[in-house]
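Presented below is the structure to which this report refers.
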Amino acid sequence: MNYKLLETVADIAYYAGQKSYYSGNSRQDMMDFIWWAKEFEEFHENTDWDTIDYMLTIEEYTEKKLYLKLSEF
């Protein structure tokens, strides 16, 4: 099991919840969070998290994704 991917999904979902994000379809929201986490993990496959702040990076990434998602409405 890919625990890093699960951690990333949880971090994205938590941050989205902190921002009160809800599209009206919780299943679609979770599917989006899973795809975003996969994309994030692929992009940061070689990132050295000892030199880059993981939480700040995931929050910035999620903020951008939420902004794009909200601009669809």
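The values are calculated or read from the model by the stated rules, or taken from the named source; none is laboratory data. Keep in mind that this is a model prediction, so the values were computed, not measured. As a convention, Cβ positions derive from the backbone with ideal geometry for all residues, glycine included, and neighbour counts pool all protein chains shown.
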Pick from Ser71, Ser26: which is at pLDDT 95 or above and of a type outside the set (Phe, Trp, Tyr)?
-> Ser26
So how many residues does the stretch 49-65 have that are part of a helix (DSSP H, G or I) and either more than 24 Å from Ser20 (Cβ to Cβ) or of a type in the set (D, E, K, R) (or both)?
-> 5
Unmet requirement for Leu68, which otherwise passes all of (1) in a helix (DSSP H, G or I); (2) surrounded by 11 or more Cβ atoms within 10 Å (Cβ to Cβ) = (2)
How many residues are loosely packed, with under 10 Cβ neighbours inside 10 Å and part of a loop (DSSP other than H, G, I, E, B) when one looks only at the stretch 1-48?
-> 6
Which residue pairs have Cβ atoms closer than 8 Å, lie 6 or more positions apart in sequence or on different chains, and pair a first residue in the stretch 48-73 that is under 18 Å from Ala10 (Cα atoms) with a second residue that is loosely packed, with under 11 Cβ neighbours inside 10 Å?
-> none
Which residues, counting only those in the stretch 15-56, are over 18 Å from Tyr67 (Cβ atoms) and of a type in the set (Phe, Trp, Tyr)?
-> Trp49, Tyr54
